[in-house]
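In what follows, a single structure is set out as structure tokens and then discussed.
The values are calculated or read from the model by the stated rules, or taken from the named source; none is laboratory data. Everything quoted here is computed from the prediction, not taken from an experiment. Counting neighbours? That spans all protein chains shown, and the Cβs are built from the backbone with ideal geometry, glycine included. Ligands, DNA and RNA are excluded from the accessible area calculation, which covers all protein heavy atoms including side chains. Shrake-Rupley method; radii C 1.70, N 1.55, O 1.52, S 1.80 Å.
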Amino acid sequence: MSCGTAQAFTLEEATIKQVHQAMLKGQLSSQDLLKQYMKRIGAFNGTCMQGAADPATGRQLGTATPVENAGQLNALITLNVRGQRSKTDLQDNDPGMPDAMETAARLDAELKRTGKLAGPLHGIPIVIKDQFDTFDMRTTAGAQANYANDRPPMDSTIVARLRAAGAIILAKANMGEYASGDRSTGGGTSCNPYDTSRSAGRSSGGVAAAVSANLSMCGIGEETGPSTRNPAANTSLVGMVSTHSLLSRAGLIPASATLDRAGVLCRTVADTATVLDVLKGYDPKDPATAFSVGRLPAKPLQAFATPASLKGMRIGVIRDFMVPFSHADDESIQIAEKALGDLRKTGATVVDPGAGNSLFTPVINALMPSIAPQRYKALRGPADNPTPITLRMLSEEEPSTVGEWRYFLERYLTNRGDQRIKNIPDLIANSTFFSYAPIDGVTTPPKQRLEALLTTSRTLTDQKTGAPVTFKTPVEGLSIEGWYANRALLQAIIEKVMADNHLDALVYPTKTVPPPKLMSPVEPTILATRTDTITVTRPEGTFTETRRVPTEVRGSLTWRLSPNSGFPAISVPAGFTSEAYDRTIVVGKDGSLKAGDLAPPVKVALPVGLDFMGRAFSEPTLLQIAATYENATHNRHAPPAFPALAQ
């Protein structure tokens with residue numbers, strides 16, 4: 001096997017099955033494959049943003065703006081190449097830490113010796129979101145954090161299982177720092193391969209950009225809210241998050257242990273299932289995975305990811321997520337409507353309440369007063385002017401995760417055992433951070449997010465004087481009861497809707513707003529509010545607090561029903577827009593960027609995704625539906641700005 005024999009193999013859009021067939025025929029080696037991917041990384045992984053460089057660090061730490069038609073993606077921040085894997089070990093000569101090419105050579109030798117593949121991912125290059133520990137590569141969740149040893153002591157369980165299956169860890173992917181936003185101090189901003197001025201999908205966007213532009217075969221992302229399915233929808237990929245307890249979180253730099261889930265991003269449903277197969281199952285290091293014992297299918301998940309007639313399948317439409325709040329939603333909803341017709345052609349029965357109706361509203365009104373009476377009362381508001389409770393409100397409402405994030409991040413740092421960074425104050429003191437003025441809908445810069453884990457601030461009005469008083473309170477306690485109550489309620493509602501309508505799965509557009517412009521205001525999430533005033537009694541006296549309570553919301557990124565319920569979902573390419581509506585920008589006196597009116601549409605082809613969601617451990621059903629829909633439509637198209645390279 002030599003580079004010359006790889007000529008007959010086409011790298012772009014290749015599947016795992018095609019790669020393995022070529023390897024077994026002697027047409028391709030793991031080293032050949034890796035060299036081709038490295039060549040594409042060298043050609044397309046440059047910067048795609050412009051901004052002043054900080055003289056001390058050489059990094060863009062202030063305002064940065066995207067480059068139109070950049071031809072670059074900035075998707076990967078650490079390559080698995082000796083001498084490039086660590087900033088604290090520049091020699092990088094430990095023989096127990098083979099790099100990607102050395103691993104490929106070992107796999108080639110093993111295949112030559114045995115005539116068999118070493119595992120279901122033999123020689124398959126995988127990129128990993130920098131949130132997952134890799135014992136041989138720098139791991140900082142995208143941060144410019146100066147650990148004494150930037151390599152964690154051991155692999156995360158996800159990475160260990162990939163290696164055991166024969167995968168080659170190609171690189172660590174850029175990410176939204178500490179799993180939020182499009183940007184990191186350590187890596188900068190990743191860009192969308194279909195339009196480099198737009199978001200690749202926020203925190204797992206680096207993984208998605210790399211896989212979509214054929215810089216890697218597949219990738220591992222993570223989803224606390226929308227961060228696997230959102231990048232999948234933004235970059236025309238398949239993205240799957242499984243039942244919350246199916247994949248281990250051990251060795252993951254946490255964002256919210258209650259919600260964190262590893263996600264798989266590939267270009268096909270079959271490849272997604274193949275990767276998911278090697279990751280699933282019980283891990284003693286993550287007690288939550290014990291719930292998966294006895295609940296896994298008898299056959300590999302890959303066996304379900306094949307096209308078949310969906311006759312007898314009943315798929316319910318979540319019309320609650322197909323509301324056109326502005327012209328920005330229109331075309332994605334039209335594409336989703338077409339997808340419903342395509343599903344019917346596969347033999348499925350599509351249970352559709354029709355535009356403006358809901359399968360969920362009757363169940364919400366029936367269940368909530370008995371199983372969540374206090375929450376029902378709070379959401380409904382005053383008896384003389386009640387707010388209708390919608391699935392949108394329930395799925396997008398999120399209790400605070402500050403106490404939880406602090407607890408689990410501190411525990412991660414303790415277990416990592418670094419000599420310099422042992423806790424969050426150490427992390428802040430030993431890091432460099434980017435910053436910028438507030439932007440509507442864009443994540444708060446990372447230093448402010450970390451500082452908020454230490455102290456919360458609350459401003460109340462003194463009842464006697466009418467003066468505002470700000471109280472600062474140290475963050476203490478785990479406080480996850482709200483999340484579990486939220487999850488239990490959503491699960492009960494979903495289960496009843498599916499039982500009442502005899503449904504096998506649910507379907508809805510992954511999102512209805514196309515990928516937004518980078519570093520610009522996004523479509524508003526809160527569309528309507530009411531004002532509630534409450535009385536707060538403290539040792540210092542009696543105070544009032546006025547709150548704006550949302551009464552209508554939209555998922556401007558990706559609907560959060562799956563992460564907030566813990567149920568599995570898979571996003572599949574559904575087509576492309578012909579135009580997009582962005583928001584005009586209103587600049588505040590402090591330099592903040594606020595969303596103005598809708599600007600006129602711009603002609604641009606941007607990916608749209610379709611979600612299939614089901615009950616706990618319904619991954620086999622979801623994979624079969626997704627594979628059948630994928631085969632019937634072939635909606636995935638590679639980004640034209642990142643073509644094949646000359647041999």
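Worth pointing out:
- Filtering the range 51-62 for residues that are in a strand (DSSP E or B) and at pLDDT 95 or above leaves an empty set.
- Cross-chain or 6+ apart pairs with Cβ under 9 Å, the range 39-54 first and more than 17 Å from MET217 (Cβ to Cβ) and among the aliphatic types (A, V, I, L, M), then in a loop (DSSP other than H, G, I, E, B) and open to solvent by 60 Å² or more (accessible area, probe 1.4 Å): ALA52/THR63
- Note on the range 477-502: among residues that are in a loop (DSSP other than H, G, I, E, B) and in contact with a helix residue (DSSP H, G or I) (Cβ under 7 Å, 6 or more places away or on another chain), the one that is nearest to ARG314 (Cα to Cα) is ILE480.
- Some residue of the range 424-433 being part of a helix (DSSP H, G or I), in contact with a helix residue (DSSP H, G or I) (Cβ under 9 Å, 6 or more places away or on another chain) and under 30 Å from PHE360 (Cα atoms): no
- Residue match in the range 335-347 (condition: assigned to a strand (DSSP E or B) and closer than 30 Å to PRO120 by Cβ): no
- Qualifying residue in the range 12-30 (condition: at pLDDT 95 or above, touching a Gly at 6+ places or on another chain (Cβ under 6 Å) and crowded, with 19+ Cβ neighbours inside 10 Å): yes
- Scanning the range 423-442 for residues that are among the acidic types (Asp, Glu) and at pLDDT 95 or above returns a single hit, ASP426.
- For the range 607-619, taking the residues that are surrounded by fewer than 24 Cβ atoms within 10 Å (Cβ to Cβ) and not small (Gly, Ala, Ser), the one that is nearest to THR510 (Cα to Cα) is identified as ARG615.
- Some residue of the range 406-418 being over 19 Å from ILE318 (Cα atoms), open to solvent by less than 70 Å² (accessible area, probe 1.4 Å) and more than 30 Å from the chain's Cα centre (by Cα): no
- The set of residues in the range 560-572 being open to solvent by less than 10 Å² (accessible area, probe 1.4 Å) and of a type outside the set (Gly, Ala, Ser) consists of LEU561, PRO563, ASN564, PHE567, PRO568, ILE570, VAL572.
- Boolean, ILE428 is surrounded by 14 or more Cβ atoms within 10 Å (Cβ to Cβ), under 30 Å from ASP597 (Cβ atoms) and not acidic (Asp, Glu): no
- One residue stands out in the range 324-349 among those that are of a type in the set (A, V, I, L, M) and touching a Gly at 6+ places or on another chain (Cβ under 8 Å): the one that is surrounded by the most Cβ atoms within 10 Å (Cβ to Cβ), namely ALA339.
- Residue in the range 401-422 that is at pLDDT below 95 and within 22 Å of THR525 (Cα to Cα) present: yes
- Residues in the range 63-79 that are under 16 Å from SER184 (Cβ atoms), aliphatic (A, V, I, L, M) and not in a strand (DSSP E or B) were compared, and the one that is farthest from the chain's Cα centre (by Cα) is ALA64.
- Taking the range 403-438 as the range and being touching a Ser or Thr at 6+ places or on another chain (Cβ under 7 Å) and among the aliphatic types (A, V, I, L, M) as the test, only ALA437 passes.
- Count - residues of the range 146-172 that are crowded, with 24+ Cβ neighbours inside 10 Å and not in a loop (DSSP other than H, G, I, E, B): 8
- Selection count where residues are crowded, with 23+ Cβ neighbours inside 10 Å and out of contact with any helix residue (DSSP H, G or I) (no Cβ under 8 Å at 6 or more places or on another chain), scope the range 626-636: 1
- Looking across the range 254-265, the residues that are more than 18 Å from LEU478 (Cβ to Cβ), in contact (Cβ under 8 Å) with a residue 60 or more places away in the chain and either of a type outside the set (Gly, Ala, Ser) or surrounded by fewer than 23 Cβ atoms within 10 Å (Cβ to Cβ) (or both) come down to ARG261, LEU265.
- Put simply, of ARG113, ARG106, ARG82 the only residue that is open to solvent by 40 Å² or more (accessible area, probe 1.4 Å), part of a loop (DSSP other than H, G, I, E, B) and at negative phi is ARG82.
- Filter result for ARG198 (touching a residue at least 12 places away in the same chain (Cβ under 8 Å) and either over 17 Å from ALA262 (Cα atoms) or touching a Cys at 6+ places or on another chain (Cβ under 7 Å) (or both)): yes
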